[in-house]
Structure formats: C-alpha cells, structure tokens
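The values are calculated or read from the model by the stated rules, or taken from the named source; none is laboratory data. These numbers come from a predicted model, not from an experiment. No Cβ is skipped: glycine too gets one built from the backbone with ideal geometry, and neighbour counts run over all protein chains shown. Just so you know, the surface numbers come from the protein's heavy atoms only, side chains and all, with ligands and any DNA or RNA stripped out. Shrake-Rupley method; radii C 1.70, N 1.55, O 1.52, S 1.80 Å.
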Amino acid sequence: MSIENKVIFITGGSSGLGEAIARHAAAEGAKVFLTARRKDRLETIVADIEKAGGKAAFKTADVTDAVQVKAAADAATEAFGAIDVLVNNAGLMPLSPMGKLKTDEWETMVDVNIKGVLNAIAATLPDMQARESGHIINMSSVAGHKVFPGAAVYCGTKFAVRAISEGLRAENAGKLRVTNVSPGAVNTELTSTISDPDAKDMANNLYEIAIGADAIARAVVFAIKEPDDVSVNELIIRPTKQEL
Ligand code: NDP
C-alpha cells in the first residue's frame, strides 16, 4: 500500500488539482511528471518538490495537440521509466447559458476537456496494455453526474469523461485500473475562464463553500495506493455543504 517510486504522469499539473496531486504524491515518494502550457508554473512546482527531497520533472504541452502530449509522455518515460499512472486532469470551465452562443468557448471545452483527455489516453494506453499494468485516473466532476443550468456544455464534457472512464474500464477489465474522479467545488483557478458575468456571479456564490485542492489529492493518492487487485472505480468528493 505504497506509491513509492510509482511513475505518475499528470496533465494540468501547473495549478489547482494537478499541482496538489503532484505535491502530495511526490511527498509520499512517487516520481511525478507534470505537463501543462505554463512553463514558469511547472518550473516552480518541480523546483519546490525537488527542494523537499521529492522526484519531479516536466515538459510543456497543450493537451489539444496529440503530438505534444505524446512527446510529454515519452519524456516522462525517459526520465523515470514506464508510466504507472496517468492523472488525466487538464480542463477548463467557461460557463454560460447556451443562448449566449459562446460557440468558441464550447469548442475549447470540447477540445480540452474531451479531446485532451483522449490524447493523454492515446499517449499512454498502448504501453500500459502491452505491460498489462497501469492505472488511468480521469478527472470528471459532479457536473458529470448532474446537469446545471448555465453549465450544459461543461456538463456534457464531464459526462463524456465519465463515459470514457466506464468504457476504458470495461475494455481493460482484469488488466488496467480506471478511476473516475468527480470533485464538487474546489478552490482552484477553474472559474478564471468564465467570461459571462452572470455565470461568474453564480460560480462565485457556489465557490464560497469550496474546499481545498488537497482533499482531492488525498483521494487520488488513496486510489493509487490500493493494491493492484483493488480498483477504486468512482470517487465523488464535494464540500459537505454542497448539494450534488
Ligand atoms: P485550474 O484552472 O487550477 O487547472 C487547470 C489545469 O488545466 C491547469 O494546469 C492548466 O494548465 C491546464 N490546462 C488548461 N488548458 C490546457 C491546455 N489546452 N493544455 C494543457 N493544459 C491545459 O483548475 P482545476 O485544478 O480545478 O481543474 C483541474 C480539473 O478538475 C479540470 O478538468 C476541472 O474540470 C476538474 N474539476 C475541478 C473542479 C473545481 O471545483 N476546481 C470541480 C470538478 C472538476 P495551463 O494553463 O498551464 O496549460
């Protein structure tokens, strides 16, 4: 029941949940490899982890670009050995009612939250299947369980992530572990991409009860720590005060 020396590849590692998972897993002895677009943030996080005695490295990549994501996964394997765990976490949430027709934001959400998740799976799954060993952790949301007004497209992407997790688990039963993680409101930079003022107000109200990112990091590390014959399929973690 240890994650010592496990190689964990984390997308969206430059802030919020990805950063918290990286710091928590590294503190418990895992080798963490981070990817995201903001190089300065990744550099700082990796330097902090190393200063604390942990093992970490990074390569920048835009998850919407399959070639860049594969290059990052290859760099992780080169740095630390085969990837044991993919934390498929990069995502954004520019909420708005559909009637506002923010079609560019719809497209970005589909590209990052769905295609980005698929790109990271494509970059890591073949090697895991060849080794018949590995763990894929996909970051869905409570928005992948329930649809909220003003969040139709975001919810659509998170329902898709949950469906992809289910399919991946069924196809690889007995060989790979797949965990679908559904956080509620967590204090991160997630709401920063909301451009619609009404949706921003709604999110600001909801996020008054947000919990810290470390709650999700603890849950993810718990799922990784379980022995290979135990698969934690679903995790829903939200503020006690939040209705699902
Ligand atoms: P943050 O905004 O803090 O982090 C988002 C991360 O995704 C950043 O590291 C960002 O890195 C990365 N990212 C965004 N776009 C791209 C891209 N095109 N290519 C590569 N990386 C990208 O928010 P969270 O930590 O909260 O979000 C992480 C995940 O958790 C998301 O999938 C989100 O939907 C999910 N989630 C969050 C909840 C919350 O309340 N916080 C609740 C439920 C789910 P960079 O900008 O450097 O590229």
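Some values worked out for this structure:
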item	result
Residues located in the range 116-153, provided they are under 15 Å from the mean Cα position of the chain (by Cα) and under 22 Å from SER195 (Cα atoms)	GLY116, SER140, SER141, VAL142, ALA143, GLY144
Those residues of the range 75-107 which are in a helix (DSSP H, G or I) and in contact (Cβ under 8 Å) with a residue 40 or more places away in the chain, in sequence order	ALA75, ALA76, THR77, ALA79, PHE80, MET98, LYS100, GLU105, TRP106
Within the range 160-176, tally of residues that are touching a residue at least 24 places away in the same chain (Cβ under 8 Å) and closer than 18 Å to ASP228 by Cα	6
Residue satisfying condition, being under 30 Å from PRO227 (Cα atoms), buried (at least 18 other Cβ atoms within 10 Å of the Cβ), of a type outside the set (Asp, Glu) and touching a residue at least 60 places away in the same chain (Cβ under 8 Å), within set THR191, THR179, THR124, THR157	THR124
Qualifying position, being open to solvent by 50 Å² or more (accessible area, probe 1.4 Å), of a type in the set (Gly, Ala, Ser) and within 21 Å of ILE10 (Cβ to Cβ), among ALA79, ALA130, ALA90	ALA79
Those residues of the range 195-225 which are away from the ligand (no atom under 11 Å from the Cβ), part of a loop (DSSP other than H, G, I, E, B) and not polar (S, T, N, Q), in sequence order	ASP196
Index of the failed condition, PRO126 passing every other in (1) under 15 Å from VAL85 (Cα atoms); (2) part of a helix (DSSP H, G or I); (3) within 16 Å of the ligand (Cβ to nearest atom)	(3)
Selection status of PRO239, within 11 Å of the ligand (Cβ to nearest atom), open to solvent by less than 30 Å² (accessible area, probe 1.4 Å) and within 22 Å of LYS115 (Cβ to Cβ)	no
Hits in the range 1-37 (condition: surrounded by fewer than 24 Cβ atoms within 10 Å (Cβ to Cβ), within 14 Å of the ligand (Cβ to nearest atom) and under 18 Å from LYS70 (Cα atoms))	ARG37
